[in-house]
2 protein chains.
Amino acid sequence: MSEPVLLAKYLIETAQSVERTAEVIAGEQSSGTFVAVPGETEELKRRSRARVVSIEALETVSQPSLPGSRIGDHSTEFQRAEVTIEFPLQNFGLNLPTVLATVCGNLFELSDHSGCKLLDVEIPSVFAERYPGPQFGVRGTRELTAVFGRPVIGTIVKPSVGLTPEQTAELVRTLGEAGIDFVKDDELMADPPHSPLKKRVELVMREINRLADRTGRKLMYAVNISDELDAMRRHHDCVLAAGGTCVMVSLNHVGFAGVSQLRQYCQLPIHGHRNGWGMWTRHPVLGMEFTAYQKFWRAIGVDHLHVNGLQNKFWEPDDSVVRSIKAMREPMWGGYESMPVVSSGQWGGQAPETLRRTGTQDLIYVAGGGIMAHPLGPAAGLRAIQQAWQAAADGVPLEKFAMQHEELRLTLEKFGQTK
Amino acid sequence: MSEPVLLAKYLIETAQSVERTAEVIAGEQSSGTFVAVPGETEELKRRSRARVVSIEALETVSQPSLPGSRIGDHSTEFQRAEVTIEFPLQNFGLNLPTVLATVCGNLFELSDHSGCKLLDVEIPSVFAERYPGPQFGVRGTRELTAVFGRPVIGTIVKPSVGLTPEQTAELVRTLGEAGIDFVKDDELMADPPHSPLKKRVELVMREINRLADRTGRKLMYAVNISDELDAMRRHHDCVLAAGGTCVMVSLNHVGFAGVSQLRQYCQLPIHGHRNGWGMWTRHPVLGMEFTAYQKFWRAIGVDHLHVNGLQNKFWEPDDSVVRSIKAMREPMWGGYESMPVVSSGQWGGQAPETLRRTGTQDLIYVAGGGIMAHPLGPAAGLRAIQQAWQAAADGVPLEKFAMQHEELRLTLEKFGQTK
């Protein structure tokens, strides 16, 4: 009787009894109904009912975090707790969209709580039978870029939108000649009239292929193919035919089944962009933690996954970014490794702290303005970031390393002050 | 120069200047970078930059709604405002996943605000060239169910999970014999080992077809086909071959491109379930309003869309439910009508208020326990709901109507007290 189970850990907040609230969630998301119905036998409940495995009380707060919760008559305390619930595999089978409907479906709506966030899931390894995971992951990305022993260093084509294919190709050539490992489209840039993907890929890949012929090393260009599925297949084929080595997808807006379908078809690494993610996680007791989120995408087979970066320009604290990188480095089903993409306001200065706190250089390190707006131009911006990672790896303070490295010195001068 | 534009309206909250914050959002989601870069010419900005169209200041609050916002040194006021931003169509073309990356992408992450919610979008009608909209909508659903002049009345198979295909078929037969118009699977029930979809559809449709042969009217069964895309196609074909007339999908977990792909293939109405929606909207200044959400799904072509119900068991206030139903009844691109699905804790008692506040009976009215747990059984539960809608349409108070209608009387007795 060791039927596999799926575990889901939540942070909840409630003015009612935590035990009761946990039971309501378990019931609502399995065999429960709001009134007892004839078919709801004891035998059925034994087979199908989700089970509250553990409850750990945390702090209380004096105001409800979300509106619409039922409040006891005299309650001025809202208890927070971590709750783990176990779902029988037979409730959904190997079907991730329905797992999602189960562990992050209608439970956010319940008036029994004033906050509910999915912190983590433990998906049984039998799912590996259906979900193949990343095709390339860390190792495949390193092989394709020929970058070993340090982060893959990249940039985003900026401005995000507005450049013509010709301008984009020219920019990529400049970056490629400077020795960059990786370039990506912005998530806003897919296949718009002013820069049709086919034309852009043709012109950019011509530059990349020329350069590769010269250097023997091919710059990885993550082409944003986010679109309807037929178009994504067409875009993928276009990238592949042009000798491209990566496609990028806006995960939340293409969606789980769409990316999963692409994975089946895809012959290139999938660069997963999580834009819109703030909606899922910025509130402390609503939505989903990245720890849970990244497991679904790794199962589906995303090779790279954005994690924001230390000292980023967004709301997210460093602790959360570090937690995300660490979560991605935890093996899943014996592997399923995907490469964290460190991005947002990065300019090299964060290299030592990123390495110190995460212990890894198995990262794609993406700097936008940090490279493009270097006083001596993009090539110098790139060299400055390479120097910063070299200093971090050598354990030499950036300021010291900068004494012999002009590009890093200028970068520190320009961006070091803004923090 | 009347290039079509897309308008997005936001509720924002910020401790900084509202004007500046609106400009940051417009910049970040179009041609902006966090530092000026060489390619960012005036000409490019003129073509590509999103434009702040209007700002309407609302109330201030004394605490930030979300963590991580930048706060001026002495600020204790957080201004809320409605902001409308105009995006040039040429930034994305007819590509809804990229429209989503634009209007609800990385902007939730910005530290310039302490709250941001997408309230509404106005998508130019040129999108109709690519997005076909609902195949069946209200009219097609009424024709398939042969229900006119009143809501399509339905129920959810409960318990949500755990019943065998045989038990499900038996239950549907009972409901069908009682005259129900519509039955749906729960969002938790898709194709699990204990109730394989193929077997369930075969047994349930046998009952439905037999009954239809007798009565000349076919009960619509929304089969939850949520799964990976290949499986969804297979499930769809199975439903179609068995004479079924509806498929159901968990929209948020299959995702935009997945449902859009299904729509291309599908020969049946798509019943759109929004489970997980609480995560998107429960917080007052984070995420998305249903008014915006439903437009994307109508464009893609969902025929039915869940809107919760008045006096529901969830957190959502009635005003919000009414707003959702009204939003769905606003014509889009000259039509694109989709049928609101009223559900959650419904038992008939909400019929008069639902009709009064929304002015429509073009609804699928779904009651779970309200039908199944009627003291005289499901058939009586169904008749009670039919009686409640009849009373509402006739403008007769339920209590008065119940004097001559035993089933309604018993329903009022059982469920009328719990509210």
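The values are calculated or read from the model by the stated rules, or taken from the named source; none is laboratory data. What you see is a predicted model; the values in this text were computed from it and never measured. Glycine also receives a Cβ, built like all others from the backbone with ideal geometry; neighbour counts cover every protein chain displayed. Ligands, DNA and RNA are excluded from the accessible area calculation, which covers all protein heavy atoms including side chains. Shrake-Rupley method; radii C 1.70, N 1.55, O 1.52, S 1.80 Å.
A few notes on this one:
- Principal-axis tilt of helix B:165-177 within chain B, Cα atoms, nearest 10 degrees: 80 degrees
- Kirkwood's formula applied to the C-alpha pairs of segment A:114-247 gives a hydrodynamic radius of 16.4 angstrom.
- Spin-label pair residue A:333-residue A:166: with each label point 7 Å from Cα along the Cα-Cβ axis, the two points sit 4.8 nm from one another.
- Degrees, to the nearest 10: B:197-215 long Cα axis against longest axis of chain B: 60 degrees
- Net charge of Cβ neighbours under 15 Å - reference residue B:298; Lys, Arg +1; Asp, Glu -1: 0
- Translational D in µm²/s for segment B:198-292 (Stokes-Einstein at 10 °C, 1.306 mPa s, Kirkwood Rh from C-alpha pairs): 108 µm²/s
- Projected area, mean over directions - segment B:5-129, Cα convex hull, nm²: 8.1 nm²
- When the helices of chain B are scored as -39500 (n - 2.57) per DSSP H run of n ≥ 4 and the total is divided over every residue, the value at 222 nm lands at -11500 deg cm²/dmol.
- By accessible area, using a 1.4 Å probe on protein heavy atoms only, segment A:5-129 has 49% of its surface on carbon and sulfur.
- Relative compactness, chain A, computed as alpha-carbon Rg over 2.2 N^0.38 Å: 1.09
- Looking at the protein assembly as shown, the accessible area is 34 square angstrom per residue; that uses a 1.4 Å probe and ignores ligands, DNA and RNA.
- Over segment A:261-419 - Rg/Rh using Cα atoms and the Kirkwood inverse-distance radius: 1.00
- A point 7 Å from Cα along Cα→Cβ stands in for residue A:217, and the other copies hold the same point at 7.4 nm, listed in rising order.
- With the charge dipole of segment A:278-418 set up from +1 on Lys and Arg Cβ and -1 on Asp and Glu Cβ about the Cα centre, the Cα lying farthest toward the positive end among the listed residues A:294, A:395, A:328 is that of A:294.
- Under Karplus coefficients 6.51, -1.76 and 1.60, residue-wise ³J(HN,Hα) of segment A:228-233 in Hz, glycine/proline x: 5, 4, 4, 5, 5, 5
- For chain B, lysine pairs with C-alpha atoms less than 20 angstrom apart, excluding pairs fewer than eight positions apart on the same chain, total 21.
- List B:186, A:213, A:319, ordered by accessible area with a 1.4 Å probe, largest first: A:213, A:319, B:186
- Label-zone membership for segment B:173-199, site residue A:129, 7 angstrom Cα→C-beta point, backbone N under 18 Å: B:190-199
- Other-copy label distances relative to residue A:393, 7 angstrom Cα-Cβ extension, nm: 7.5
- Residues within the reach of a label modelled at residue A:7 (point 7 angstrom out along Cα to beta-carbon, backbone nitrogen below 12 Å), restricted to segment A:98-123, are A:120-123.
- Fraction of beta bridges assigned by DSSP in chain A that are antiparallel (%, nearest 5): 50 percent
- Closest-to-axis residue of chain B (Cβ criterion, axis taking B to A), whole Å: B:255, 1
- For segment A:359-407, the Kirkwood estimate of the hydrodynamic radius, built from every pair of different alpha carbons, is 11.3 Å.
- Relative intensity of the protein assembly as shown on a log10 scale, I(q)/I(0) at q = 0.06, 0.08, 0.09 Å⁻¹, equals -0.39, -0.68, -0.86, per a Debye sum over C-alpha point scatterers of equal strength in the absence of solvent.
- Additional length obtainable on full extension of the chain from residue A:119 to residue A:59, 0.36 nm per residue less Cα span: 19.9 nm
- Normalised by 2.2 N^0.38 Å, where N is the number of residues, the alpha-carbon radius of gyration of segment B:257-327 equals 1.17.
- Area projected by the alpha carbon convex hull of segment A:220-275, averaged over all directions, nm²: 3.2 nm²
- Two-decimal ratio, segment A:249-297, of alpha-carbon radius of gyration to 2.2 N^0.38 Å: 1.24
- In sequence order, segment A:109-121 has phi-based couplings of 7, 5, 7, 6, 10, 10, x, 7, 9, 7, 8, 7, 10 Hz under the Karplus curve 6.51 cos²θ - 1.76 cosθ + 1.60, θ = phi - 60°, and Gly or Pro positions carry x.
- Dipole-positive endmost among B:271, A:54, B:201 within the protein assembly as shown (Cβ charges, Cα centre): B:201
- Amide H contacts of residue A:224: A:185, A:248, each under 5 Å away and 5 or more positions distant or on a separate chain (H built 1.01 Å from N in the peptide plane; Pro and chain starts excluded).
- For segment A:91-185, trypsin sites (Lys or Arg not before Pro) are listed when DSSP marks them as loop and at most 10 other Cβ atoms sit within 10 Å of their Cβ; the list is empty.
- For residue B:164, neighbours were defined as the other residues whose beta-carbon sits under 13 Å from its Cβ, and their charges (Lys and Arg +1, Asp and Glu -1) total -1.
- Accessible carbon and sulfur surface of segment A:137-415 relative to its total accessible area, %, 1.4 Å: 49 percent
- Distance-filtered residues of segment B:246-287 - backbone nitrogen under 20 Å, label point 7 angstrom along residue A:264 Cα→Cβ: B:247-268
- Across the identical copies, how the residue A:206 labels are spaced - nm, sorted shortest first, 7 Å along Cα→Cβ: 6.5
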